[in-house]
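Asks: Sharing a structure, written as structure tokens. Questions coming.
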Amino acid sequence: MTESQARHVPAALISGTHSGAGKTSVTAAMARWHARQGRKVRVFKTGPDFLDPMILERASGAPVYQLDLFMGGLEHCRALLAEAAAEADLILVEGVMGLFDGAPSSADLAVAFGLPVLAVIDGSAMAQTFAAIALGLRNFRSDVRLCGVVANRVGGAAHGRMLAEGLPADLPLVAALPRMPDLALPERHLGLVQAAELPALDAQLDAWADAWGAAMQPGFVFDTVSFTAKPPTESPLLLRGHRIAIARDAAFGFIYPANLDCLRALGAELRCFSPLQGQVLPDCDAVWLPGGYPELHVEALGQAPGFFASLRAHVEAGKPLLAECGGMMALVDELITLEGHRHAMAGLLPGTVTLQARFAALGLQAIAWPEGELRGHSFHFSSLTTAEPPLARASNPNGGPTTEALYQRGSLRASYLHHYFPSNPAAVAAFLAGAAP
């Protein structure tokens, strides 16, 4: 698609007052409902997140990409939206936190791409104040355009009518969704449980879609938005002929779809494998161990020693290995669970990882690899104790305290940081290809 070939597609950014207001369930309900009407729905997630997109992918039937103005940049996000618009009948973007929270915020993203905002407000303990909050969201920034409001966790029809009192005609109550505690998604320390671990998820999504169809205001339609992007430039095939092994299962599942696209665009052949199924490294030139939940599967990993042995052989052969967060946790000498149980890991990175009840780090990150700067984010509930000196240390663009270390030991490179490969494909390629910085 060229800039002269704009595509006009109904679209909205679904945001709210705070985390936990119900953005994910409302977005998933709308996506599933429209998909069942035969529409091609594409959903995006604002900011760095692995778990919500898994639910939204199941709801929409299409991959869910991140839109982050810091990690990917304006033109990258524009290109993702334009590519989706070329095939979609509806584009939905789930926001992050509250509408104006963070820098960049969901509101910033909406303004950048002209997306109307549908605000989700938890109305369970409110009456007329609901309208005051909705009007506050609409009037806080003149450049943000609210197209409607969704009342979530409503007690009944009368409660819904009460919540709508005071809303002007140009800010309609699009839907009043009832409380459905039996349909709440289970959570664990990093957020929602992964979609693949929820056997009843499709039935749950259908129930949400049914509730949306019954509650939505008849005749409401999303405004159309014009999506354009610069013509794509061809990536140099810096990884042509290189086979990249990627651990991918319930223990190592935190993978941005854009990272996979980036590696393919660089010419790499991707070979996914499952350590939890007892699979060792396939024949490969480099390895990527993404984040995930190795702490939940530590016994299964320990009972598949061939996985750890194949990692050690790979590194001993001088081949590149990139490990992120949970992937790094699998490489240390020892992991200590919340209960104090000690488990031997691969022993490739000296040190001990200790799980804790509260999060240890959270925030966007920028880090200078020897090959160039990459961007990403950090979110973990463990800490690493190691004598290994860091190769580099990240910075937080918002001045937050999280500044993750990057470790290198031989051909192994590891960090708690989840890297966003499209922020610097050439740097990623240089490391995975084994080129000297």
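The values are calculated or read from the model by the stated rules, or taken from the named source; none is laboratory data. As the structure is a prediction and not an experimental result, all values here were calculated from the model. Here the Cβ positions follow ideal geometry from the backbone for every residue, glycine too, while neighbour counts run over all protein chains shown.
Asks: How many residues are in a strand (DSSP E or B) and touching a Leu at 6+ places or on another chain (Cβ under 9 Å) if we restrict to segment 121-140?
Replies: Qualifying residue count, segment 121-140: 1.
Asks: Can I ask one more? Mind checking whether some residue in segment 315-322 is under 29 Å from the mean Cα position of the chain (by Cα), assigned to a loop (DSSP other than H, G, I, E, B), exposed (fewer than 14 other Cβ atoms within 10 Å of the Cβ) and of a type outside the set (V, I, T)?
Replies: no
Asks: Residues in segment 287-300: is at least one touching a helix residue (DSSP H, G or I) at 6+ places or on another chain (Cβ under 6 Å), buried (at least 20 other Cβ atoms within 10 Å of the Cβ), part of a strand (DSSP E or B) and not β-branched (V, I, T)?
Replies: Yes, because at least one residue in segment 287-300 is touching a helix residue (DSSP H, G or I) at 6+ places or on another chain (Cβ under 6 Å), buried (at least 20 other Cβ atoms within 10 Å of the Cβ), part of a strand (DSSP E or B) and not β-branched (V, I, T).
Asks: Considering segment 318-355 alone, what residues qualify as being free of Cβ contacts under 8 Å to residues at least 60 places away in the same chain, over 23 Å from D285 (Cα atoms) and touching a helix residue (DSSP H, G or I) at 6+ places or on another chain (Cβ under 9 Å)?
Replies: Listed by number, the residues that qualify are L335, T337, L338, H341, H343, A344, V353.
Asks: Taking the conditions exactly as written (part of a helix (DSSP H, G or I) and surrounded by fewer than 20 Cβ atoms within 10 Å (Cβ to Cβ)), does R264 satisfy them or not?
Replies: Spelling it out, R264 is indeed part of a helix (DSSP H, G or I) and surrounded by fewer than 20 Cβ atoms within 10 Å (Cβ to Cβ).
Asks: Also, I was wondering about something else. Does segment 372-389 hold any residues that are more than 15 Å from T352 (Cα to Cα) and surrounded by fewer than 17 Cβ atoms within 10 Å (Cβ to Cβ), and which are they?
Replies: Correct list: G372, E373.
Asks: Okay, next question. If you take the residues in segment 356-394 that are polar (S, T, N, Q) and touching a residue at least 40 places away in the same chain (Cβ under 8 Å), which one is nearest to Y407 (Cα to Cα)?
Replies: For segment 356-394, the residue satisfying everything is T386.
Asks: For segment 342-360, enumerate the residues that are outside any loop (DSSP other than H, G, I, E, B) and closer than 12 Å to L412 by Cβ.
Replies: Once the filter is applied, which keeps residues that are outside any loop (DSSP other than H, G, I, E, B) and closer than 12 Å to L412 by Cβ, segment 342-360 yields L349, P350.
Asks: If the requirement is being farther than 30 Å from E299 by Cα and under 23 Å from the mean Cα position of the chain (by Cα), which of these qualifies: S383, S423?
Replies: Numbers: S383 fails: farther than 30 Å from E299 by Cα.
One residue alone meets the criteria, S423.
Asks: Considering only residues that are farther than 17 Å from D285 by Cα and of a type in the set (A, V, I, L, M, F, W, C), which ones fall in segment 388-413?
Replies: L391, A392, A394, A405, L406
Asks: Sticking with this one: Kindly indicate which of T385, T403 is within 23 Å of G347 (Cα to Cα), polar (S, T, N, Q) and in the same structural domain as G327 (by TED's automatic domain parsing). Explain how you work it out, then say what you get.
Replies: Details: T403 fails: within 23 Å of G347 (Cα to Cα).
Only one candidate qualifies: T385.
Asks: Here is a follow-up. Kindly provide the set of residues from segment 141-163 that are farther than 20 Å from G20 by Cβ, at pLDDT below 95 and outside any helix (DSSP H, G or I), ordered by number.
Replies: The answer is G156, and nothing else.
Asks: Another one. Restricting to segment 396-430, give me the number of residues that are touching a residue at least 60 places away in the same chain (Cβ under 8 Å) and within 25 Å of C77 (Cα to Cα).
Replies: Qualifying residue count for the region: 15.
Asks: Failed condition for E339, given (1) at pLDDT below 95; (2) outside any loop (DSSP other than H, G, I, E, B), with all others met?
Replies: All conditions are met except number (2).
Asks: Name the residue that is surrounded by the fewest Cβ atoms within 10 Å (Cβ to Cβ), counting only residues in segment 28-46 that are more than 19 Å from T224 (Cβ to Cβ) and touching a Leu at 6+ places or on another chain (Cβ under 8 Å).
Replies: Among residues in segment 28-46 that are more than 19 Å from T224 (Cβ to Cβ) and touching a Leu at 6+ places or on another chain (Cβ under 8 Å), the one surrounded by the fewest Cβ atoms within 10 Å (Cβ to Cβ) is R32.
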